[in-house]
Every structure is written in structure tokens, then in C-alpha cells.
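Asker: Got a structure for you, written out below as C-alpha cells; questions coming shortly.
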Amino acid sequence: MTETVKLIVDGVTVDAPKSYTLLQACELGGAEIPRFCYHERLSIAGNCRMCLVDWVGAPKPIASCAQTVGDMAPKKDGTPHEISTKSPRAIKARNGVMEFLLINHPLDCPICDQGGECDLQDQAMGYGRAGSRYTENKRAVDDKNMGPLVKTIMTRCIQCTRCVRFAAEVAGVDEIGLANRGEDAEITTYLEKSLTSELSGNVIDLCPVGALTSKPYAFNARPWELRKTESIDVMDAMGAAIRVDARGPTVMRILPRVNEEINEEWISDKTRFVWDGLGRQRLDKPYVRENGTLRPVSWDEALKSAAAMLKVPGEQIGVIAGDLADAESMKATLDLAGSLGAKSIDCRQDGAKLGLAADGSKLPRESYLFNSTIMGIDEADAILLVGVNPRKDAAVLNARLRRAWLRMVPVAVVGERVDLTYDYGYVGAGPDSLGELKSGHPVFDQLTNAKRPLIILGQGALTRADGAAVLNAVSSLAANIGAIKDDWNGFNVLHTAAARVGGLDLGFVPVSGGKDVAGIMAGAQSGEIKTVILLGADEIDTSKLGKANVIYIGSHGDNGAHRADVILPAAAYTEKSATYVNTEGRVQRTQRAVMPKGDAREDWAIIRALSAYVGKTLPYDSVVQLREKLAKDHPTFLGLDFAPGHTGSGVAPPYGVAGAMQSSPFRTAVSAFHLTNPIARASRTMAECAELAAGVSPAVAAE
Amino acid sequence: MSHRRFHHPENHAPFAFNKESDDLIAWWERKYPSERRASAVIPALWITQKQNAGWLSEPALRAVAERLGMTYIRVYEIATFYTMFNLEPVGKYHFQVCGTTPCQLRGADKLKDFCERKIGPKGHVSGGGKFSWVEVECLGACVNAPMIQINDYYYEDLSIETLEKLIDDFAAGKEPQPGTYVKRQTSAPEGAPTSLTDETLYDGSRAKPLAAILNAPKPPEESAAAPVKA
């Protein structure tokens, strides 16, 4: 595969691998090739003809995207082929293509949302004519419905078919097609049904013109008005790289950034379209509950009331961290709880049996990380999914699993039988089927014979009462099939909450003698727990907090705030520089794109202020000092953007507690993909998507 | 062609393959490996269209997709690409009038006007569900221009008079003979052949004994002794 072909591109000699296309080879030589239909991550269509280059000696210009370098017959005299990307013939060919493309293009750039970031606009500057020679009527195409996310203005479409190929190849839902032909060709979904993919928003980025644009963002802003901030997504535990575009105090849109190790260049619809939730249901003032109603108060008053509530013995305090809590605020909360003597601390609001062994000691990091790393999926040669629906738990990760399946990697599933966009061998629904996986079972043998077997254990299997036993069984299975070797660790836990791994790394779990989330709730009802701090914890049943005083620190008026007695308004993930640890154990940091709303403050600063009011002032005055302490106490936070992967020195499984498992089937952790956190629940776009998803898929509606 | 798509698919009647279509599609499917049986999609659509009174309804298209393990949009792409698939109801006798240059030069425009008067607008079903017509591109029978394909057969060398008679015959329940409607043998010159008329071409009198077979391999002994003159 290392064989190369020598080419001369515009006078520069390049050695291009035989698998390269001529377009890639030209780029090796430093040439810039215009293109519309070609995309690195999609199959080659060769239908826009914009990438024409002049192959010296060839009778016609060559579409460089569709010419594989290895297929170019060597010249008789052995000299390398000469390619010219700048010769008059190449330029004239491209000018001609551009003129044809513009014949039926409406040229409505002033009212087009793509204006300013449009490939056609940019390339027309380079290859277009000053005026049109076409005097006939232009073609008009009916706009199509593609759902609540993708707005279509199909007259602008140049039929590059990138969206068709993305839907079929990456998203795995064959829903977009090119109907009719010739002048009547039009992109459509079947009978204009909405797209059902969780990755559908990516077609907006892929569309080189303004035919597919973002519906929620329509006519809101121009790209040059926006302040771009590179950040990290917290909608799931992958920590996809995003760019937050804001104007003034408002986040206007969220786009993906390239991070090959996590999301490549895709993001899920929840990540992309959740931004309208950042402006709704916001807590912008501190509140105190009086006579059953919440009254806006000053910070001083709110912190005094909260401090008064914390003047109880440490055993009567419960602390629960939610799914969006950042490491800094959890560290501050943990330090505060420690100084108050609180032992009932938990970051696992879903009740996952992770992080703690039966005797209350901490489990090794390998027991709750995605050890193979997300990129490791590309190396795996047999995959088993247990109690996980990656399509909902981590939609972008599912695209990578699908790519593995396209490489003919066998995938097997224990859990719910759902459409994952690829075929899989179905072992069974619950723990009983895990027991069947022994020598002689085809799936077991498949995994055993694989060089790099990979098991993904989902939260659906861990949040059950017997979660610790499932963890034990699956980690033993991983050891039995040889998934844990010197150079490979194929035992993976896929988290659904951005905060979870950070919390487990910090030890945000009950201290010996403390209660977990279920215990705190029971204690609150029985009166054992008098005060509960909710650090953005909204996915618990807040009606079961009895008569306890509830201090809610968070950004949105959701379940937690509805039950709270004191509300301390905090910043959302786009409003603070905060550290999150993704499911691989990769420490990443968000950046502030806009300021917190109203009187809201960064979470850690609120806890620092509260600590002064309770008389246990925390030893840090800035986030820098806090991070220094964080790194000192927990060395895993020292390095940024690094996935530990397999270190070779980890603790071998089994993890968890060996024990009997119930036979009830595994349930998917995420039932409504679009409504998993307070920001998403505040978003109108997500509500619309959720309604549609519930209507489209009866399996979800029945739940 | 205007945009070909389903109009009001919610009104389409349900569809199920009958035994005959089922067997025919199965025969086509067997030509391909089972994981590639989508290759049979064009014949399958054609068979389905035959069963469904000459057009593909939305349920019929879905039936084909499910039968071949394809997604609906992929079958829809094919059905909209090929004009031989009708996405709207057609008459029992569906007239495809060729309007391409040779036919146009020989009077296809008049035939189109006549169809419009007699049958109605393009794509419109009339005569109690008996007739419909569309204009199509070249059907490859230019030598017999102008021509119309009615269901599966070509009716050639038409004039307004012969076309009217054709329509009347179909309306009366007769099955007119396909082929040319002037006095000629298939695509031979009108009236009678004008070349190759010499009787001796056909009576065998011109036949002569063969001296040698051109380019035939030479027998090894004879080739050296007696070279054959070509």
C-alpha cells in the first residue's frame, strides 16, 4: 500500500500514494482545486465537474476527484505525468463548468443564509464571469420538507448529491435521494418525510450552496457578524469539538469543529440545535422560596438562606451533581462538602453502579472509561454492544460503529432490538443472554478469535439495581474473550452524561457511610437528610425529596429549580471556561462564548461564595487556583485533550460485584434523545424534534 | 416532461402482488445473488406496473422496495428517472406519441393536436378510463415516422385519419393490428420495394458453386500441392 506514483503538479514533483485521487495528489503539490461534490469523508460522485485539471497529453480535461492516481497508466518513456491546474485549458474548463452551474442558480445571495460562507459564491469569484450570457427563463424547483431542522430552498441546489451520500453512507438512513433527471432533477426525501437521523443537521454544513440551511437559524445573522468561540459540547459524553457562534449576548448557532479523535467533523442534532434552549427558561436571578412561592432576592440574601440551610450536621446533608456539572464546580462542591462533614455525595444521578466497589473503595479508572478510545473503534475487528443504543447515547459514535460494520466487522447486541442503522447479530435482551456467551456460542467465538475485540457497555445496563453484577459479568466477559491485552483494552463504558467521568475521577461518590442518590432521596423523605444541594441535578424525581431544604445551583428553570428552596443561578456551558472529562477520560475545556445571563455567576464562584457564608472559606480565589488544586489532588486533570487509552498498567477486571442478575431486559438509557438535559428541554427546536420522533417511532411513543 | 412525482399518494389503493407478478419477479431475482437482488428493480417495477393497470402507485412502489430489500427513496429515484414508469393513472390504452425530430418533420405535431382534441390534455385519462396520451422522446422507429406506441406495440406511419380510426377501434373494443398503417412491408419503401426487385435474386439462378471458402483454414496436404486461387 505504500507504493507511490511520481507526478509533476504545476512543476512540483510529488510522490502520491497509489490510492490517492488526482485531486489529493494535486493538493500534495500545493495546488488548490475547486470542488463542490467531492468530500473527503464521502464516496466519490464526480458529478459537479468543478475539479477539472489539465493532464498534459490527455485529450480532455480530467475530473481530478474521480481519477485514482494508481490507475494512471505510466508513460512509455517512464517520465512522470504532468498535471497542470493552472493552464489556460484547465481554467477555461472550470470557467465553463461554473457558467453552467450558474445558469439555473437563482443568484439570490442577498437573501440567502449561506451568503458569506458559500462555496459557490467563493468559487464564482474565482471562476465566474462578470455577467450571464443566459437569457432564457431559469429553472425553479419546489422546496421540500425535510423536517424541523433543515430548511430547503431547492432552486439553489446544484445537485452535488453530498447530502444524499451523507445520509446513505455516514448517517446510515437512506432517506434523501435525487429524483427525476436532467433539468428536472431534484433532491428530496421520500414523499417529503422528515429526516429521522440524529445526524441530519450535518447536511447543512455539507451543502456547498444555500439549498439546505438551518431552519432555526434562518434569517437570524450573517456569518461575519458572529463571534466564533471554539468549545466543547456537553450534550453527551463524547465531548465533540464545537464552535459557538454568538452575536452580542446571544448564542446564534453551534457548528462542529474537526477533531479526528472524537467527532471527525460531525455533530448530533442535539449538539447543533440546542442553542435556542440557552436563551429560554434561564435562571437569571437568585431566588428564595417563601410561603411556597419563589421570590427574587439579592445574592447576599440567597447565600445567607443557603448557608442557614447548611447549618445542620454533615450527615444530614446530601449533595447530587447533575449531568452538565463541570469538574471545577464539582471539585469546589466536593471540598465544601468535605469541610461540612457531608458524606452523602453522588454524581451518579441516574444510579449507575460505577466507580465504587462493594466495600466502598474506589474502582480503577479502567472500570468506567471508554478504554479503547473512540478512535479504537476503527481498529476493532469484532464488536459487542451491551445495554446500549449508541444511536441515542452518542449519535456521532454510532456513525463510527457503522463505519466499522461497513468494514465487515461483525457487531452483536445484547439489549433492546432497535434500528442502529446497521445490521447486527442479536444475542438477546437481558442478562440471561450475557450468560449464554460462553465458548461454543458463535458470538463468543467471534470475539475470542478477533485480534481487537471491543465491548461497549451502556448506562442502560448499569443503572439497574443489579448494575454492579452486570459490570462484573461484562468485565469478566471482556477478560475471557481476551479483550484486555498488553496493547489493547476493548472493555468500554459508554457514558451519556458529560459530567459523569469527571465526577467519578474526582471521587464525587458517597464517602464511607454516606448515601448514594437513592439513599439521599429516601433519607430526605424519612427526614434523615435535612438539606440537599443539587448541582444542576434535574434528571432525578424531585418530588421525592420530602421536606428537605433544597439548594439548586444551575442554569435552567427545570425540575431541580421547581423544587428548590434556594436557587443560585449559574452559567451554562457556553458561558464559562469549564473542564469536562469525556467518556474516554479525555480532559477538555469549554470556552466562554457569551456572559452568563443576568445575575448568574460561574458555578464554582457561587460555591466559593457560599463557602465563605458557611464559614468554611475554600482556599482558592480564582479559577486558576482552583485548577491548580484540582490537578494537585487529581493528577488525571493535568493533561488536556488526551485520552489515556490503554496504559498497560491498569487493574485487571472483573470490576463491580459478582452476583445474581435479574432477567429483566436491558433498557436504553436515553429514551427521548432530544430531551436529555435542562438546556435541551428548554429548546423549542428540540421539543419539536422530540414530538416528531415520538410520532414517527412507535417504540418510543409506547414508553 | 414535467416533474414526475406522486400526487395525492394518500388516495392510492393498496397493492399486493398477484401470483403471476410474484413468479415473474422471483424469476428476475434468481438471476442475481440474494444480497444483490436489488439489481432486479427495473424489471420488478415494470412487472408491477403491468399488474397495476399500467402505472405505479405509491403502495406498489413500496411493495417493490420491500420485496427487494431496498429503501423507498432508492426505488423512487429509479421510478422517477425512467419515463417508462408512470406515476399517475393512465388509460387502458396509453398512447406514447413520439415528438422527436424525424416524427415531428413527418407530422407528429398534427397527431399531438389530434390527441389533444380527441383524448384530452396530456396525461389526462378520458373515455371512461380507456385513453390517455403523453409525448415521448424518440422511440427508435424513425423510418416509420410518425409513430405512436400504444401499450406494448408500435403503430407506425400514422396520419390523422388512421389515428382516428385506431382510437375508434380501441373504443369499440377491437384490437387493431400493430405495425405500419400505410401500404408497405414493415419498413420497406411505401407501395412496393424499389430496390432488390430483380427476381433472379431469389430464384437461385445466381447461385454458383463455391470455389473456395474465404479465410478458411487450409487442409495441410492440399495447401502445399495445389494452392487455391481466391
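Asker: I want the antiparallel fraction of DSSP beta bridges within chain A, as a percent rounded to 5.
Answerer: 55
Asker: Mind checking the per residue accessible area of chain A for me, 1.4 Å probe, whole number of Å²?
Answerer: For chain A, the solvent-accessible area averages 38 Å² per residue.
Asker: Still on this model: Once you have the alpha carbon radius of gyration of the protein assembly as shown, what is it after dividing by 2.2 N^0.38 Å, with N set to its residue count?
Answerer: Against the compact-globule rule of thumb, the ratio is 1.20.
Asker: Could you name the lysines in cross-link range of A:LYS530, using Cα to Cα under 22 Å and dropping any fewer than eight places away on the same chain?
Answerer: List returned: A:LYS304, A:LYS311, A:LYS343, A:LYS515, A:LYS544, A:LYS547, A:LYS616.
Asker: Reachable lysines from A:LYS228, Cα under 17 Å, same-chain residues fewer than 8 places away excluded?
Answerer: Cα-Cα hits under 17 Å: A:LYS576.
Asker: If the convex hull of the alpha-carbon atoms of the range B:93-180 is projected onto planes in all directions, what is the mean projected area in square nanometres?
Answerer: Mean projected area of the Cα convex hull: 4.8 nm².
Asker: Of the chymotrypsin sites (Phe, Trp or Tyr not before Pro) in the range B:123-230, which ones lie in a loop per DSSP and count no more than 14 other C-beta atoms within 10 Å?
Answerer: B:TYR202
Asker: May I pose another question? As a check on your grasp of the helix formula, calculate [θ] at 222 nm for chain A: sum -39500 (n - 2.57) over DSSP H runs of n ≥ 4, divide by the residue count, round to the nearest 500.
Answerer: -7000 deg cm²/dmol, from helical runs alone.
Asker: Could you sort the peptides A:194-202, A:61-69 by per-residue average Cβ neighbour count (10 Å cutoff), highest mean leading?
Answerer: Those peptides, ordered most packed to least, come out A:194-202, A:61-69.
Asker: Which lysines have a Cα less than 30 Å from the Cα of B:LYS112, not counting those fewer than 8 places away in the same chain?
Answerer: A:LYS138, B:LYS50, B:LYS92, B:LYS122, B:LYS130, B:LYS165, B:LYS174, B:LYS183
Asker: Here is a further query. Ballpark to the nearest 100 Å², how much total accessible area do A and B bury together, probe 1.4 Å?
Answerer: Interface between A and B: roughly 1500 Å².
Asker: Separate question: Please list, ordered by chain and number, the residues whose modelled amide H lies under 5 Å from the amide H of A:ILE481; skip anything fewer than 5 residues away on the same chain.
Answerer: Long-range HN contacts for A:ILE481: none found.
Asker: Please compute the modelled spin-label separation between B:ASP198 and A:SER19, points set 7 Å along Cα→Cβ, answer in nm with one decimal.
Answerer: Result: 6.9 nm between the two label points.
Asker: Return the carbon/sulfur percentage of the accessible area of the range A:318-405, one whole number, probe 1.4 Å, all protein chains in place.
Answerer: After summing per-atom areas, the C and S share lands at 54 percent.
Asker: Can you give the translational diffusion coefficient of the range A:21-108 in µm²/s, computed by Stokes-Einstein from the Kirkwood radius over Cα pairs at 37 °C and 0.692 mPa s?
Answerer: So the translational diffusion coefficient is about 238 µm²/s.
Asker: Based on Cβ point charges of +1 for Lys and Arg and -1 for Asp and Glu, what charge dipole magnitude is obtained for chain A about its Cα centre, in debye rounded to the nearest 20?
Answerer: My answer is approximately 800 debye.
Asker: Mind checking the per residue accessible area of the range B:9-81 for me, 1.4 Å probe, whole number of Å²?
Answerer: Heavy-atom SASA per residue in the range B:9-81 reads 51 Å².
Asker: Turning to a different aspect of this structure: Please give the peptides A:91-99, A:476-484, A:348-356 ranked by average Cβ packing (other Cβ atoms within 10 Å per residue), highest first, as a rough proxy for protection.
Answerer: In descending order of packing, they fall as A:348-356, A:476-484, A:91-99.
Asker: Label 7 Å along Cα→Cβ of B:ASN11; the range B:75-101 residues with amide nitrogen under 18 Å?
Answerer: Flagged as within label range: B:86-92.
Asker: Taking the highest mean first, how do the peptides A:581-589, A:115-123 order by number of other beta carbon atoms within 10 angstrom per residue?
Answerer: A:581-589, A:115-123
Asker: Ok, one more. Would you mind telling me the share, in percent, of accessible area of the range B:93-180 contributed by carbon and sulfur at probe 1.4 angstrom?
Answerer: Carbon and sulfur atoms account for 51 percent of the accessible area of the range B:93-180.
Asker: Let me ask another. Expressed as an acute angle from 0 to 90° and rounded to the nearest 10, what is the orientation of the C-alpha long axis of helix B:108-118 relative to the principal long axis of chain B?
Answerer: 40
Asker: Something else: Over the whole of B:4-12, what's the average partner chain Cβ count within 10 Å per residue? Rounded to a whole number, please.
Answerer: Partner-chain Cβ atoms within 10 Å, mean over residues of B:4-12: 2.
Asker: Name the residues of the range B:42-86 whose accessible area falls by at least 40 Å² when all protein chains are present instead of the chain alone, probe 1.4 Å?
Answerer: So the qualifying set is B:ILE73, B:ARG74, B:TYR76, B:GLU77, B:PHE81.
Asker: Another question, if that's okay. Would you calculate the separation in nanometres between label points at B:ALA26 and A:ALA465, each defined as 7 Å from the Cα along the Cα-to-beta-carbon direction?
Answerer: Those two pseudo-labels are separated by 5.2 nm.
Asker: For A:CYS347, enumerate residues with amide H under 5 Å from its amide H, sequence gap 5+ or separate chain, H modeled in the peptide plane.
Answerer: It is A:ALA321, by chain and number.
The values are calculated or read from the model by the stated rules, or taken from the named source; none is laboratory data. Just so we're clear, the structure is a prediction, and the values are computed from it rather than from any experiment. Cβ sites come from the backbone with ideal geometry, for glycine too, and all protein chains shown count toward neighbours. Keep in mind that these areas ignore ligands, DNA and RNA; they rest on the heavy atoms of the full protein, side chains included. Shrake-Rupley method; radii C 1.70, N 1.55, O 1.52, S 1.80 Å.
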